[in-house]
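Undergrad: Before we start, here is the structure in question, set down as structure tokens.
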Amino acid sequence: MAKEKIILTGDRPTGRLHIGHYVGSLRRRVELQNSGLYDKIFIFIADAQALTDNMENPEKVRQNVIEVALDYLACGLDPTKSTIFIQSQIPELCELTFYYMDLVTVSRLQRNPTVKTEIQMRNFETSIPVGFFTYPISQAADITAFRATTVPVGEDQEPMIEQAREIVRRFNYIYGETLVEPEILLPDNACLPLPGTDGKAKMSKSLGNCIYLSDSADEVQKKVKSMYTDPDHLRVQDPGKLEGNTVFTYLDAFCRPEHFGLYLPEYPNLDELKAHYQRGGLGDMKVKKFLNEIMQETLEPIRNRRKEFEKDIPAIYDMLKKGCGTARETAAATLDDVRKAMKINYFDDAELIAEQVKKFGGE
Ligand code: TRP
């Protein structure tokens, strides 16, 4: 049998999802889901991982689990095609993590570049929670429990996937071929990460520079109108710069050729619009209006679907519960293989018992 192609990926529920998530991963995820190229797809809400640096704020995580689930469904993730579940409900992941911890050194974790920057960002200094420090190991458990071959994530997650691959290789070397080595699938998108509306490098809830998938049409329009452009482009006739100009970065991410015919017929394409802006004579407001049309077109169906799903919240929890059930079955099967490989499957190993009987002089 050819190896199954299995996708696994997830998000920490620390806030509602925004258009940075959308262009960075969600849009692609839905395409992958609908491509028919994968045998199984697991999408999960990494609440246990979110708690590693939010241990004092469990309510935030709890509230955002449902927000993320709604954002998933609104974007087109479909529970009949993808198993959607919550990390903390799969205790098998803890057990795997516990065993993998023996395969990783403290210094290897200290060298993980993502962990390094995150520790600096969070000002943990010397008081780093052990759970946070070791989350790359638990992430390896997330991935391997489902025998994922393909992990679609952003570039910042590269060190995590590399660390997971090392754990798999080490496990298989010591205990025999058991685990599947995952591959990263990076976004095929040049304009990433999507900057915040204020022009800062990244959208982040704490900076208040996000456009959320659940924002109302008015909120989106307001945010687009106040977006950062070229600060030296003061009068319409002045030449404008494209570098660092958020409005144009967003157009690169969202604009399709047909948008010109629909919303800005006096320009044939984005290149001509950019050229005019650079020459001078094109005002920010006109470009922002165009971007607003495109953002509304993109976000309206998502917002409307979200509204529909919001009408039956118990059904969302039910869907997640079912997803957790399926996910647990898969993780438990992997764990069986792992225990067997590690020789800690004492009670279902008749050979072991026979061997011990002999050793102690029995028949
Ligand atoms: N660390 C990921 C993030 O912050 C979330 C995550 C947890 C994840 N476990 C994973 C992603 C396993 C992919 C595979 O976005």
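Undergrad: Which value at 222 nm does the chain reach when only helices count, each DSSP H run of 4 or more adding -39,500 (n - 2.57), with the total divided by all residues and rounded to the nearest 500 deg cm²/dmol?
TA: When only DSSP H runs of four or more count, the value is -16000 deg cm²/dmol.
Undergrad: Based on Cα positions only, what radius of gyration and what Dmax would you give for the stretch 146-204, in angstroms?
TA: Every Cα atom of the stretch 146-204 included, Rg and Dmax give 15.7, 52 Å.
Undergrad: Taking a threshold of 21 Å on the Cα-Cα distance, which of the pairs LYS200/LYS288; LYS5/LYS321; LYS40/LYS307; LYS81/LYS340; LYS241/LYS289; LYS225/LYS307 fall above it? Mind dumping the intermediate values first?
TA: Working: LYS200/LYS288 18 Å; LYS5/LYS321 24 Å; LYS40/LYS307 28 Å; LYS81/LYS340 31 Å; LYS241/LYS289 18 Å; LYS225/LYS307 25 Å.
Exceeds cut-off: LYS5/LYS321; LYS40/LYS307; LYS81/LYS340; LYS225/LYS307.
Undergrad: Let me ask something else. To one decimal place, what orientation-averaged projected area in nm² is obtained for the convex hull of the Cα set of the chain?
TA: Mean projected area for the chain: 23.0 nm², to one decimal.
Undergrad: Then there's this: Given H placed on each backbone N at 1.01 Å, which residues far from GLY10 in sequence or on other chains put an amide H within less than 5 Å of it?
TA: Correct list: PHE44.
Undergrad: Note down the magnitude of the dipole of the stretch 96-251 about its Cα centre, charges +1 on Lys and Arg C-beta and -1 on Asp and Glu C-beta and zero elsewhere, to the nearest 20 debye.
TA: Working: 16 positive and 21 negative charges, 55 e Å.
The calculation lands at about 260 debye.
Undergrad: Take peptides 32-39, 79-86, 176-183, 94-101 and line them up by average Cβ neighbours within 10 Å, highest first, as a rough protection proxy. Show your work: numbers first, answer last.
TA: Working: 32-39: 13.0, 79-86: 20.1, 176-183: 16.5, 94-101: 18.2.
Sorting 32-39, 79-86, 176-183, 94-101 by mean packing, highest first, produces 79-86, 94-101, 176-183, 32-39.
Undergrad: Which far-off residues, 5 or more places away or on another chain, put their amide H under 5 Å from the one on GLY281, with H placed in the peptide plane?
TA: GLN237, ASP238
Undergrad: With all distinct Cα pairs included, what does the Kirkwood hydrodynamic radius of the stretch 298-363 come out to in Å, to one decimal, could you say?
TA: So the Kirkwood estimate lands at 16.3 Å.
Undergrad: OK, next. Using DSSP to define loop residues, name the trypsin sites (Lys or Arg not before Pro) in the stretch 106-145 whose beta-carbon has at most 10 other beta-carbon atoms within 10 Å.
TA: none
Undergrad: Would you give the gap between the C-alpha center of the stretch 276-309 and the C-alpha center of the stretch 183-205, rounded to a whole Å?
TA: 18
Undergrad: Mind listing the phi-derived Karplus ³J(HN,Hα) values for the stretch 110-126, rounded to whole Hz, using 6.51, -1.76 and 1.60 with θ = phi - 60°, and x for any glycine or proline?
TA: 5, 8, 5, x, 5, 4, 4, 5, 5, 5, 5, 4, 8, 6, 5, 6, 9
Undergrad: Here's something else I'd like to know. Given R₀ = 51 Å, what would the calculated FRET efficiency be for LYS359 paired with ARG111, taking r from the Cβ atoms and rounding to 0.05?
TA: On the way: r = 44 Å, r/R0 = 0.86.
With R0 = 51 Å, the Cβ-Cβ based efficiency is 0.70.
Undergrad: Right, here's the next one. Cα convex hull of the stretch 72-217: how many Å³ per residue?
TA: 159
Undergrad: Want the number for SER35 to ASP349: 0.36 nm per residue separation, take away the alpha-carbon distance, what's left?
TA: 108.8 nm
Undergrad: I would also like to ask the following. Would you pull out the residues with amide H under 5 Å of HIS18's amide H, same chain only if 5 or more places away, H placed 1.01 Å from N?
TA: LEU213
Undergrad: Using a 1.4 Å probe over the heavy atoms of the protein chains, calculate the carbon and sulfur portion of the accessible area of the stretch 89-229 as a whole percent. List each step's numbers first, then the result.
TA: Numbers: 3700 of 6930 Å².
Reported share for carbon and sulfur atoms: 53 percent.
Undergrad: Further question on the same structure: What figure, in Å² to the nearest 10, do you get for the accessible area of ASP318 with a 1.4 Å probe and non-protein molecules left out?
TA: 80
The values are calculated or read from the model by the stated rules, or taken from the named source; none is laboratory data. What you see is a predicted model; the values in this text were computed from it and never measured. Quick reminder, even Gly has a Cβ in these numbers, built from the backbone with ideal geometry, and neighbours come from all protein chains shown. Side chains are part of the model used for accessible areas, which takes the heavy atoms of the whole protein and leaves out ligands, DNA and RNA. Shrake-Rupley method; radii C 1.70, N 1.55, O 1.52, S 1.80 Å.
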